[in-house]
Every structure is written in C-alpha cells, then in structure tokens.
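Visitor: Provided herewith is a single structure, encoded as structure tokens, for subsequent inquiry.
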Amino acid sequence: MEEYIYDAFISYSHRDMKWARWLQRRLETFRIPRGLCPGAESRRHLKVFRDQTDLAGVELQQTLEKELAVSRCLVVICSPNSAASHWVSEEILAFRRGGKERRIIPFIVDGEPESDDASLECYPPALRSGEGHPLGSNVREIGKDKAFLKLVSILLDVRFNRLADREKQRRLRTALITGFTAAAIVLTVSGLAWHNARVTRKNRQLCYDIYGAAIISIAQKDVIEPADVEFLRVSAEAGNNRAMLLLADCYNHGWGTEPDPEAAFTWFYKAAEAGDTSGMVGVANCYDSGVGTARDKALAYQWDLRAAEAGDASGMLNTAICLEDGSGTEKDEKAAFEWYKKSAESGYDLGMYNLARCYLAGVGTEPDSAQSFEWTRRLADTGNVQGMYNLAMMYQYGFGTDEDPRQAYLWYRKAAEAGDADAMYAAGQCAETGYGTDGEAAEWYRRAYEAGKTEAAADLERLSRP
C-alpha cells in the first residue's frame, strides 16, 4: 500500500503567492468530517506542502523532488502566471515521472484552460502535454468556496455533493452560534427599568445561554449527543424559536435521541405559532406526510400558504406544488405558476427549477422556451447540478437557444465534475463523437460506471476493443 507524508503538494508561480497561502491555510484548517472517507478515521486534517523558498536549478530539483515523491496529489494553482513559469512545469514533470499522472489537480484562479489566446492560457505546458485533460476546480466559474470544496472532494475521493451537504450542516451550526451571540448582545445592551422586566430578561438570557452552550457543543463535533438535546429542550421550553426548530429536527431524525414524531410535530407547531416561517413549513410537512399527527392535506396547504405569505421561499414552493397538483386545495395552475415565480425570484434553487419547467411545458403560463432557458441558466450558475445538466441538454438540442456543442459539453462536464453520473455518461458520448470537444471518452465512461451508471460498462468494453 502506498504511504505518503503529504496529501497535497501545492505548485504555483510566486506571483500567485497570495492564492497559494490562502489555499494552504484553507486546506490545513479544513476538518475532515468523521465517517466521510474510510481512510481518514485516524486524523481530522489534511497535510499540505508548499514551497516557501526561492530555490533554483539543481538546488530546486534536489529539494522539491523529495517532497513531490512523498505527496499523494499535486495541486497546481493555474493562472497565466503559472502557465509562464518554467518551475511549475518542472514540478509537474517530476510528479508525473513518479507514475501519478491521474493525481494532478488543477486549481484555476485566473485565465482559461486550453485557450486560443496565449495571454489567457492558464495551464502550464507540462499540464497541456499530458494524457487527456485533468479534472480540477475553477474559482472563476463556481466561486472560491465551492471551488475549494470541490478540490477537497477530489483529494478525499468523495462525491462533491456529499461533502457539500456536510459543509452546509457545519455552516448551519456556525450560523446558529452567530445568531446566538447576536441575540445575547441585544439582550445585554437593553435597559429595563421594571423589576418584572428584569426577571424576564434574566430568564431569556438564561434561555440563550443554554441554547448557545448546546450549539457550541454541536459545532465541535459531527454527531448530536443526548446532552445536546437536553440543552436544546430547556432552551426551547424557555421560548427560543431556534432551539425549538433544531429540537424538532432531533426528534424527527433521531439525532441524539430516540425518534419521536409526535414530539417533532409539537415543537414545529410551537415555533410556527410563535411566527417562525421554518416552523410553519415544518408543520405543513408533518400534516402532508402524517408525521406525528393525522395526515391532513388541507391543513398542510394552509400552513404552507402562511409561510409563503410571510416570505418563506420553501413555503412558496410547497404552496405552488399544492396548487399545481390540487393537493389540499383547488387545482389552480396559474396561481401555482405565480408562487413558483416568487420562489425563484427569491433565489431558491427548487423554485428556479420548477419555474423553468413551467415555462417549458406551459404550466400556468404560455410556453416560453427562451424563459425556460434563462431560468435554467440562472439555476446552473448557482452550482445546482441538475441545473447544469439541464442547461447542457438545452444547448445540445437547441431548447430556448441556438444549439451550441461547445457549451453543451462544457455544462455536461461541470455537472460531471460535481459528481453526476448521467452527466459523466453524456460527457463521454460527447468526447467519443467529438461533439463540442475531443478525446477523453473512455475516462468519462469509466467515471460514469464507477458513479453507478451501469450501461457505461458496455461503452468501456467497446472502446477497449482493438
């Protein structure tokens, strides 16, 4: 079994020092979630090497080749600066000589790969001369945070969506801590004169202190424990809406406690009665599926509508679904379309997806393929994988836009790099037929097969025949 000292060696032009320092810091401080990747149970952080000297010539080769040999992956910070750097290409060639061609990961911060304009080219010559086109991450296309997570998913060999979901949960916990801190500050600076008011303030401060202790505890680990649930319960009983919602989720999913659908419904309901729109949506979901209460589609619709009218994007989406299907209310596709539109305009990805579908199929509005294309493009720009795949299909078949093979392959590839098996398969077909690109068909079919697209096996076998 191969053993390495470093998970990644960062290769970069010293003109991109700022990016190199940022990336090293983010990689070394990233906490590997427990249970995410089988080979990382014994550690929580990535080990990274970054050259911090100005070595040259033989001295560079003797010093850095040793570090390259004990690095599992080579992360190349790609920009026009690195494309012009002789030493970046030398590091790539040295790493490739170790037989680790497939472990070279481009991290694009500026310019364009394989550009017709030499001033924009961001791949060093050694990277362009390898077999196929290495898959990596592009800051300019998906933003710094998503590009970083995508790089980590490649380093850990896990699906991007799975890692992104875990990161969303971590950020939610962090946001809850921030919310707790802000609430505590507001309570501290408020001047209360009456004795009863001071007592209320003390009780409320205690409520947030208890909630904050629970959230801080949860944020420091990947699993909610019984003690955390007890803290949340005490805070929820003192009237903290945030604690009510998280406690309801704990009971609903069995986090840190035995699943208790009735208790989940009770706490969602209390949060909803206190005016929390997420609580309203939670109550609607319980009524819709019969979790902790009798199934009642009409009540589900009413609670979703209350959340929607209060500005909740999820409530808008659910209200639209009820109106389109006639679930709990009279069927009204025009009203459904308007709620889908409001949800989409609020930036909700599922709202965008359904609004694009309505425009394409003429649900509640006149068919408008151009508008369907526009909302699919907006959805894809958020990083939504299904949006990327659908946008690629629209470019391929000319739905709402002119057929554009290059754009079709580009978006199939983006969806594929995010872990979508269908997109991997489509990218393989494009590569094999030269539709919008050339080469690397076998690589995409292999990835599609490994991601669960079983029909790709036949294509792999066909391409392997002499």
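Visitor: Name every residue in the range 418-450 that is in a loop (DSSP other than H, G, I, E, B) and more than 20 Å from ASP404 (Cα to Cα), in order of residue number. Please lay out each step first, then the result.
Guide: At the first step, the residues of the range 418-450 found to be in a loop (DSSP other than H, G, I, E, B) are 418-420, 434-440.
Within the range 418-450, ALA418, GLY419, ASP420 meet the criteria.
Visitor: I would also like to ask the following. Is at least one residue of the range 321-333 outside any loop (DSSP other than H, G, I, E, B), among the polar types (S, T, N, Q) and in contact (Cβ under 8 Å) with a residue 12 or more places away in the chain?
Guide: Residues of the range 321-333 outside any loop (DSSP other than H, G, I, E, B): 321-325, 333.
Remaining after also requiring among the polar types (S, T, N, Q): none.
Among the residues of the range 321-333, not one is outside any loop (DSSP other than H, G, I, E, B), among the polar types (S, T, N, Q) and in contact (Cβ under 8 Å) with a residue 12 or more places away in the chain, which makes the answer no.
Visitor: Next question, about the same structure. Check TYR445, TYR425, TYR449 and return the single one that is within 27 Å of VAL152 (Cα to Cα), touching a Lys or Arg at 6+ places or on another chain (Cβ under 6 Å) and of a type outside the set (Lys, Arg).
Guide: Details: TYR445 fails: touching a Lys or Arg at 6+ places or on another chain (Cβ under 6 Å); TYR449 fails: touching a Lys or Arg at 6+ places or on another chain (Cβ under 6 Å).
Checking each option against the conditions leaves just TYR425.
Visitor: Can you work out which of the residues in the range 226-258 that are of a type outside the set (A, V, I, L, M, F, W, C), in contact with a helix residue (DSSP H, G or I) (Cβ under 7 Å, 6 or more places away or on another chain) and within 15 Å of GLY282 (Cβ to Cβ) is surrounded by the fewest Cβ atoms within 10 Å (Cβ to Cβ)?
Guide: Just the residues of the range 226-258 that are of a type outside the set (A, V, I, L, M, F, W, C), to begin with: 226, 228, 230, 233, 235, 237, 239-242, 249, 251-254, 256-258.
Those still in the list that are in contact with a helix residue (DSSP H, G or I) (Cβ under 7 Å, 6 or more places away or on another chain) too: 228, 233, 235, 239-242, 251-252, 256-257.
Within this subset, residues satisfying the condition of being within 15 Å of GLY282 (Cβ to Cβ) are 241-242, 251-252.
Numbers: ASN241: 17, ARG242: 21, TYR251: 25, ASN252: 21.
Only one residue tops the list, namely ASN241.
Visitor: Moving on to the next point. Residues in the range 162-173: is at least one closer than 15 Å to ALA20 by Cβ, out of contact with any His (no Cβ under 7 Å at 6 or more places or on another chain) and either modelled with pLDDT of 80 or more or part of a helix (DSSP H, G or I) (or both)?
Guide: So the first thing to find is which residues in the range 162-173 are closer than 15 Å to ALA20 by Cβ, and the list is none.
Checking the range 162-173: not a single residue is closer than 15 Å to ALA20 by Cβ, out of contact with any His (no Cβ under 7 Å at 6 or more places or on another chain) and either modelled with pLDDT of 80 or more or part of a helix (DSSP H, G or I) (or both).
Visitor: Looking at this structure, is TRP375 modelled with pLDDT of 90 or more, among the aromatic types (Phe, Trp, Tyr) and under 18 Å from THR437 (Cβ atoms)?
Guide: No, not satisfied.
Visitor: In the range 350-367, how many residues are closer than 21 Å to ALA408 by Cβ and among the charged types (D, E, K, R)?
Guide: 1
Visitor: Could I ask something else about it? In the range 315-333, is there at least one residue being over 26 Å from GLU366 (Cβ atoms) and surrounded by fewer than 16 Cβ atoms within 10 Å (Cβ to Cβ)?
Guide: Taking the range 315-333 as the starting set, the residues that turn out to be over 26 Å from GLU366 (Cβ atoms) are 315, 328.
The next check asks that each one be surrounded by fewer than 16 Cβ atoms within 10 Å (Cβ to Cβ); those that pass are none.
Scanning the range 315-333, I find no residue that is over 26 Å from GLU366 (Cβ atoms) and surrounded by fewer than 16 Cβ atoms within 10 Å (Cβ to Cβ), so the answer is no.
Visitor: Would you mind finding the one in GLY419, GLY387, GLY383 that is touching a Leu at 6+ places or on another chain (Cβ under 8 Å) and either free of Cβ contacts under 8 Å to residues at least 40 places away in the same chain or under 23 Å from GLU112 (Cα atoms) (or both)?
Guide: Values: GLY419 fails: touching a Leu at 6+ places or on another chain (Cβ under 8 Å); GLY383 fails: touching a Leu at 6+ places or on another chain (Cβ under 8 Å).
Of GLY419, GLY387, GLY383, the one residue that is touching a Leu at 6+ places or on another chain (Cβ under 8 Å) and either free of Cβ contacts under 8 Å to residues at least 40 places away in the same chain or under 23 Å from GLU112 (Cα atoms) (or both) is GLY387.
Visitor: Of everything in the range 390-417 that's of a type in the set (Gly, Ala, Ser) and surrounded by fewer than 22 Cβ atoms within 10 Å (Cβ to Cβ), which residue is farthest from ARG378 (Cα to Cα)? I'd like the intermediate steps shown before the answer.
Guide: Of all residues in the range 390-417, those of a type in the set (Gly, Ala, Ser) come to 392, 398, 400, 408, 415-416.
Checking which are surrounded by fewer than 22 Cβ atoms within 10 Å (Cβ to Cβ) leaves us with 398, 400.
Numbers: GLY398: 17, GLY400: 14 Å.
The selected residue is GLY398.
Visitor: Among the residues of the range 444-458, what is the count of those that are charged (D, E, K, R) and surrounded by fewer than 19 Cβ atoms within 10 Å (Cβ to Cβ)?
Guide: Filtering the range 444-458 for residues charged (D, E, K, R) gives 446-447, 450, 453, 455.
Next, from what is left, pick out any that are surrounded by fewer than 19 Cβ atoms within 10 Å (Cβ to Cβ): 446, 450, 455.
Residues that pass the stated criteria total 3.
Visitor: Just to be sure I understand the filter: pairs with C-beta atoms under 6 Å, separated by 6 or more residues or on different chains, first member in the range 139-157 and under 20 Å from LEU74 (Cα atoms) and in contact (Cβ under 8 Å) with a residue 12 or more places away in the chain, second member among the charged types (D, E, K, R) and not in a helix (DSSP H, G or I). Which pairs pass?
Guide: Note: pairs meeting the criteria are LEU155/ASP7.
Visitor: Given the condition out of contact with any Asp or Glu (no Cβ under 7 Å at 6 or more places or on another chain), buried (at least 21 other Cβ atoms within 10 Å of the Cβ) and of a type in the set (A, V, I, L, M, F, W, C), answer yes or no: does some residue in the range 431-443 qualify?
Guide: Within the range 431-443, none of the residues are out of contact with any Asp or Glu (no Cβ under 7 Å at 6 or more places or on another chain), buried (at least 21 other Cβ atoms within 10 Å of the Cβ) and of a type in the set (A, V, I, L, M, F, W, C).
Visitor: Look through the range 451-466, keep the residues that are aliphatic (A, V, I, L, M) and in a helix (DSSP H, G or I), and return whichever of them is modelled with the lowest pLDDT.
Guide: The initial filter retains those residues of the range 451-466 that are aliphatic (A, V, I, L, M), namely 451, 456-458, 460, 463.
Still in the list and also in a helix (DSSP H, G or I): 456-458, 460, 463.
On the way: ALA456: 80, ALA457: 81, ALA458: 80, LEU460: 73, LEU463: 66.
The residue in question is LEU463.
Visitor: Moving to a separate point now. Does GLY136 meet the test of being touching a strand residue (DSSP E or B) at 6+ places or on another chain (Cβ under 9 Å), modelled with pLDDT of 80 or more, crowded, with 21+ Cβ neighbours inside 10 Å and not polar (S, T, N, Q)? Walk me through how you get there before you give the answer.
Guide: Numbers: touching a strand residue (DSSP E or B) at 6+ places or on another chain (Cβ under 9 Å): yes; modelled with pLDDT of 80 or more: yes; crowded, with 21+ Cβ neighbours inside 10 Å: yes; not polar (S, T, N, Q): yes.
For GLY136, the condition - touching a strand residue (DSSP E or B) at 6+ places or on another chain (Cβ under 9 Å), modelled with pLDDT of 80 or more, crowded, with 21+ Cβ neighbours inside 10 Å and not polar (S, T, N, Q) - is met.
Visitor: A further question on this structure: Would you check which residues across the range 305-320 are in a helix (DSSP H, G or I) and either aromatic (Phe, Trp, Tyr) or more than 26 Å from the chain's Cα centre (by Cα) (or both) and list them? Give the derivation first.
Guide: Filtering the range 305-320 down to residues in a helix (DSSP H, G or I) leaves 305-309, 313-320.
If the condition is that a residue be in a helix (DSSP H, G or I) and either aromatic (Phe, Trp, Tyr) or more than 26 Å from the chain's Cα centre (by Cα) (or both), then LEU305, ARG306, GLU309 are the ones that fit.
Visitor: On to the next question. Here is a check on your reading of the model: is ALA294 out of contact with any Leu (no Cβ under 7 Å at 6 or more places or on another chain) and farther than 28 Å from TRP375 by Cα? Before you say what the answer is, go through the steps one by one.
Guide: Details: out of contact with any Leu (no Cβ under 7 Å at 6 or more places or on another chain): yes; farther than 28 Å from TRP375 by Cα: yes.
It is true that ALA294 is out of contact with any Leu (no Cβ under 7 Å at 6 or more places or on another chain) and farther than 28 Å from TRP375 by Cα.
The values are calculated or read from the model by the stated rules, or taken from the named source; none is laboratory data. What you see is a predicted model, and the numbers here were worked out from it, not measured in a lab. All Cβ positions, glycine included, derive from the backbone under ideal geometry; neighbour counts span all protein chains shown.
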